[in-house]
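Just so it is clear, none of the values below were taken in a lab; they were calculated from the coordinates. Just so we're clear, the structure is a prediction, and the values are computed from it rather than from any experiment. When we count neighbours, we look across all protein chains shown, and the Cβ atoms used for this are built from the backbone with ideal geometry, even at glycine.
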Amino acid sequence: MDQSGTAAEALRAGIARLADAVLPDPSGDARQLLGHALDLPRHHLGGALSQPMPPAALRRFDAAISARALRQPVSQITGRRAFWKHEFRVTRDTLDPRPDTETLVEAALAEPFASVLDLGTGTGAILISLLAERPGTTGTATDVSAAALEVARENAAMAGVSVTFLESDWFAGVFGTFDLIVSNPPYIALAEMAGLAPDVRDWEPRQALTDEGDGLAAYRAIAAGAPAHLAPGGRLLVEIGPTQGAQVMALMAAAGLTDPCVLPDLDGRDRVVCARKSR
């Protein structure tokens, strides 16, 4: 990249490099990475384009473009991702929170709850978003990854919410009952992993993507354990892959949960399965 050029010239060069790497959105990615390099919100970027690119910022931008050309997700490069109404820290130890998952948050907020358990919390994005919307609600988050829990703790502190964090395999370390249990578990079947975009397959934590089997192992464990940890009338909501609705509803029904249903995301694809413990 031209060491003496403007931010606009650096941006054009960055877009060209990402286009050469056959990225799906080279312009959008380059703009986001330029804002990161300049420490500017994206909506303030326009005013900086005519200005000379500071050498340190140019080095950061060059490194970021190189990383993105290798298909590292933008959120991992910048270390943050917007979700619901907050921005969350993201690392290679956590699944990248995606807009599809906001369907689960919206569904959870449709009814009152005073306590919530998030299984496999990752960044903590789901639970933290719920607690921020419902002050006074208590929240517990589990994950098998100590590194992911550390990221979630930072995110909770940044959002100003109080969470009890447990290093636990699903319900193994969980005691008590909750009005609401939520989870976005690993649901990609092993046979589907090779077909994932390299941004996901090669960079996000594998144990957060797949159970190394049919993609339903987590739902079996969650459905089996949920009745003992739901308060009477409590709800269970889980994110699913778009073809898994019927199978996950059947697992919940077999566990004795009632009123199973499937909710679509904004694109109309099955995204959340919900069920309830009878009163």
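Shown is the FRET efficiency for SER162 and ARG98, computed with R0 = 22 Å from the Cβ-Cβ distance and rounded to the nearest 0.05: 0.30.
Applying the Karplus relation 6.51 cos²θ - 1.76 cosθ + 1.60 with θ = phi - 60° to segment 27-40 yields 3J(HN,Hα) values of 5, x, 5, 5, 5, 5, 6, 5, x, 5, 5, 8, 6, 10 Hz, where x marks Gly and Pro. Taking N as the residue count of segment 69-183, its C-alpha radius of gyration divided by 2.2 N^0.38 Å amounts to 1.01. Each of LEU70, ALA30, LEU119 was scored by the projection of its Cα onto the charge dipole of the chain, and the greatest displacement toward the positive side belongs to ALA30; charges sit on the C-beta of Lys, Arg, Asp and Glu. 3J(HN,Hα) along segment 164-178, derived from phi through the Karplus expression 6.51 cos²θ - 1.76 cosθ + 1.60 where θ = phi - 60°, amounts to 8, 9, 10, 7, 8, 8, 6, 8, 4, x, 9, 10, x, 10, 9 Hz, with x in place of Gly and Pro.
Taking 0.36 nm per residue of sequence separation and removing the Cα-Cα distance, the THR177/CYS261 pair yields an extension gain of 28.0 nm. Ignoring solvent entirely, what values of log10 I(q)/I(0) come out of the Debye formula for segment 128-279 at 0.16, 0.18, 0.20 Å⁻¹ when each Cα is a single scatterer? Normalising to I(0) and taking log10 leaves -1.00, -1.24, -1.44. Relative to the longest principal axis of the Cα atoms of the chain, the long axis of helix 7-20 lies at roughly 60 degrees.
Using the Kirkwood formula over every pair of different C-alpha atoms, what hydrodynamic radius in Å results for segment 1-156? Walk me through the numbers before you get to the answer.
Working: mean 1/r = 0.0584 Å⁻¹.
For segment 1-156, the Kirkwood estimate is 17.1 Å.
Modelled label positions at ALA253 and SER115, each set 7 Å beyond Cα in the direction of Cβ, lie 3.0 nm from each other.
Hey, with R₀ at 45 Å, roughly what FRET efficiency would ASP39 and ASP214 work out to, going by the Cβ-Cβ distance, to 0.05? Let's see the in-between values first.
Working: r = 45 Å, r/R0 = 0.99.
That pair, ASP39 with ASP214, gives E of 0.50.
Counting each DSSP H run of 4 or more residues in the chain as -39500 (n - 2.57), what helix-only mean residue ellipticity at 222 nm follows after dividing by all residues, to the nearest 500 deg cm²/dmol? Don't skip to the answer; put the middle values down first.
Values: 12 runs with 112 residues, N = 279.
Value at 222 nm, helices only, nearest 500: -11500 deg cm²/dmol.
Rounded to the nearest 10 degrees, the angle from helix 245-254 to the longest Cα principal axis of the chain is 30 degrees. Kirkwood-type hydrodynamic radius, segment 7-70: 11.3 Å, calculated from all non-identical alpha-carbon pairs. The packing ranking, built from the mean of other Cβ atoms within 10 Å per residue, places the peptides 41-48, 77-84, 178-185 in the order 178-185, 77-84, 41-48, highest first.
Working from Cα positions, state the angle (0 to 90°, nearest 10) between the long axis of helix 146-159 and the longest principal axis of the chain. Between helix and principal axis, roughly 80 degrees. Estimated at 0.36 nm per residue, the fully extended path between GLU133 and ALA67 surpasses their Cα-Cα distance by 20.2 nm.
Between ALA146 and ALA197, full extension at 0.36 nm per residue minus the direct alpha carbon distance yields a gain of 15.7 nm.
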